[in-house]
Ligand SMILES: NC(=O)c1ccc[n+]([C@@H]2O[C@H](COP(=O)([O-])OP(=O)(O)OC[C@H]3O[C@@H](n4cnc5c(N)ncnc54)[C@H](OP(=O)(O)O)[C@@H]3O)[C@@H](O)[C@H]2O)c1
């Protein structure tokens, strides 16, 4: 398999490339930013918190003096803010070579609703990134070999798209919402890849296995038994945030990466290891569901994609 034992040392020179990473102030997004900047890319860290974003920039510049990094504020759970952000980005008139749809929240309890009326996990993990990618297309498609990487999860396996109650207003369960949003990530990335056939755009879904990041503290915290067992007691089954960023980095930069292939770790139950092509569950390969989700996402966000090829 092309990706076996792939490490960050294999990232090619990225001088002149512009990268945008959502949720880049911690965890996988931050580690991906470090490696991409180390290899010469200009990395825009799109973060919702100015304070956390500035800390991340300072830490990155300390680690890599002279790194080409910048902070741009974005709350990806807000479609209005995604519009503002994209309009400002497009005004700069630059190519976007690599977009990494990474920001995420997990298993929020109790249910939270954004000011626009969307369940927060669905809004952050899927709808915001759907809108962001669509609105940035003029910049993305202007790049010579653009890539869009979308960070999904093993959690997609238990997921279902609840078309009759997408916001889970009738029956909210924290993990049901997370699973749905992460399934949506793969369906979106694969449908984008299908629509981009015949164009230079490569869209790739990835997952980081189980990685030690802030996702638990930001989400269910230690009160959730399933999470506590997995992330605390089964630490030997999990990996660092640096290792968790490798599937993202492989998809973003490897010349062997192919559209729609799902990249994840090669270890026991895909929880840790080197990035390779892995198989999503059948629910993530259902094109009819992917196309229906696409139509609904266009309706909910008001962002309608033009033909890509
Ligand atoms: N860690 C794992 O084991 C694991 C497994 C499967 C998938 N994933 C996925 O990996 C991705 C990265 O998560 P992580 O594990 O690195 O966790 P993390 O350390 O908590 O990073 C998540 C990032 O997303 C940001 N974020 C959350 N809501 C946002 C919003 N509305 N607008 C902009 N940024 C927002 C967070 O910002 P703040 O710091 O401001 O909260 C943080 O920077 C997520 O999509 C997650 O679902 C992680």
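Measuring nothing but how far apart in sequence close Cα pairs (under 8 Å, 6+ apart) lie, relative to its length, the chain scores a relative contact order of 20 percent. Normalising the average separation of contacting C-alpha pairs (under 8 angstrom, six or more residues apart) by the number of residues puts the relative contact order of region 204-292 at 34 percent.
One Cα centroid belongs to region 128-204, the other to region 263-286; the line between them spans 16 Å. Set against the 2.2 N^0.38 Å expectation for a compact globular protein, region 179-244 has a Cα radius of gyration ratio of 1.46. Mean separation of Cα pairs under 8 Å and 6 or more residues apart, divided by the residue count, gives region 1-133 a relative contact order of 25 percent. Can you tell me what percent of all Cα-Cα pairs in region 177-309 are more than 26 Å apart? The calculated P(r) of region 177-309 puts 31 percent of pairs beyond 26 Å.
Take the alpha-carbon positions of the chain, form their convex hull, and give its projected area averaged over all directions (one quarter of the hull surface) in nm². The directionally averaged projection comes out at 14.6 nm².
No lab work stands behind these numbers, since they all come straight from the coordinates. Predicted model, so just to flag it, every value in this text is computed and none were measured.
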